[in-house]
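Structure first, commentary second.
The values are calculated or read from the model by the stated rules, or taken from the named source; none is laboratory data. Please read these numbers as outputs of a predicted model, since none were measured by experiment. A quick note on method: Cβ atoms are made from the backbone with ideal geometry, for glycine too, and the neighbour counts reach across all protein chains shown.
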Amino acid sequence: MATRLSAETELAVRARIGYFRDLGVFDFYRRGSAPAEIETISVTEEDSAAAPSALETTLKPTTTSALLEPKTPAAPGDRAAALAAIRDDLGPCTRCALHKGRHNIVFGDGDANARLMFIGEGPGADEDAQGLPFVGRAGQLLNNMINAMGLRRDQVYIANIVKCRPPQNRVPEPEEANTCSPFLFRQIDAIQPEVIVALGATAATYLLGAKSPLAALRGRIHHARGVKLIITYHPAYLLRDPRQKKEAWADLQLAMAELGLQAPAK
Ligand code: SF4
């Protein structure tokens, strides 16, 4: 006869199952022939490991990344609906501490059928006020970068690793990024862009699942969620050090080559 779980364990298991449902995972299977009680307890142990604080710990390929492999592609007409469903699932999110200081959730913006997706770190003050990504000075520079590629902003999709503004624009804590980024991964799976451009080290870190210096990552093609990934500088960094714009343009040209785009004539 099965042993009844303690109230505390049952609560933890329910929370864990809710977490996976938020990620779009609904099917659970027992491992091997382990008794149900042991199986359930192992899930609970994973739950306690789901909120680590060290970057190295949270970036290692864990249950989350294993369960979030790219899903069956959606038909183009379904992509906007898929994004709307993800937004519904996110709701008035309080899953991490960043909800405390935000004015608006910055879900993402652009074409659900975009071939190109830009991913930054997190909203700043302007983005938090408007609920849209990259609308401040860095956003203006990003718009210019997009136009230089021969595209309009409404032809791409723009999102961030975290959807709520970190206090004083600090880098998101690993726990915050790891809590929020599964929703971004679902957005990538829904949109199925041909190329993602990661803007800055934080975006690169959480898309790759590993931390490396930006200089070591630029200039070549990586993959994230089954999509070609190109890594470049964050526009906010380029505002501080415009000398790096030439390097960033080289990265964008790499993306353009993958997309078969030509820069517009001047
Ligand atoms: Fe939720 Fe993401 Fe905002 Fe955290 S940053 S509260 S996970 S939407």
Quick count over the stretch 75-103, residues being more than 15 Å from the ligand (Cβ to nearest atom) and in a helix (DSSP H, G or I), is 9
Cys180 meets each of (1) within 16 Å of the ligand (Cβ to nearest atom); (2) more than 12 Å from the chain's Cα centre (by Cα); (3) surrounded by 23 or more Cβ atoms within 10 Å (Cβ to Cβ) with one exception, condition (2)
| message | Looking at the structure I just gave you, is Ala75 modelled with pLDDT of 95 or more and closer than 24 Å to Val227 by Cα? | response | no
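Considering only the stretch 151-167, how many residues are assigned to a loop (DSSP other than H, G, I, E, B) and within 11 Å of Phe183 (Cβ to Cβ)?
As a first pass, look at the stretch 151-167 and keep what is assigned to a loop (DSSP other than H, G, I, E, B): 151-152, 156, 161-166.
Those still in the list that are within 11 Å of Phe183 (Cβ to Cβ) too: 161-163.
Counting residues in the stretch 151-167 that are assigned to a loop (DSSP other than H, G, I, E, B) and within 11 Å of Phe183 (Cβ to Cβ) gives 3.
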Scanning the stretch 168-183 for residues that are touching a helix residue (DSSP H, G or I) at 6+ places or on another chain (Cβ under 8 Å) and in a helix (DSSP H, G or I) gives Asn169, Pro174, Glu175, Glu176, Ala177, Asn178, Cys180, Ser181, Pro182, Phe183
Selection from the stretch 104-138 of residues of a type outside the set (Val, Ile, Thr), within 15 Å of the ligand (Cβ to nearest atom), part of a loop (DSSP other than H, G, I, E, B) and touching a residue at least 40 places away in the same chain (Cβ under 8 Å) yields Phe107, Gly108, Glu121, Gly122, Pro123, Gly124
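Given the criteria in contact with a strand residue (DSSP E or B) (Cβ under 7 Å, 6 or more places away or on another chain) and under 22 Å from Lys246 (Cβ atoms), does Ala204 qualify? Before you say what the answer is, go through the steps one by one.
Working: in contact with a strand residue (DSSP E or B) (Cβ under 7 Å, 6 or more places away or on another chain): yes; under 22 Å from Lys246 (Cβ atoms): yes.
Taking the combined requirement at face value, the residue satisfies it.
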If we keep only residues of the stretch 185-204 that are touching a helix residue (DSSP H, G or I) at 6+ places or on another chain (Cβ under 8 Å) and within 16 Å of the ligand (Cβ to nearest atom), then the residue farthest from Ala81 (Cα to Cα) is Thr202
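In the list Ala216, Ala250, Ala224, which residue meets the criterion of being without any contact (Cβ under 8 Å) to a residue 24 or more places away in the chain, farther than 23 Å from Val135 by Cβ and in the same structural domain as Glu194 (by TED's automatic domain parsing)? Please lay out each step first, then the result.
Details: Ala250 fails: without any contact (Cβ under 8 Å) to a residue 24 or more places away in the chain; Ala224 fails: without any contact (Cβ under 8 Å) to a residue 24 or more places away in the chain.
Just one listed residue meets the conditions, Ala216.
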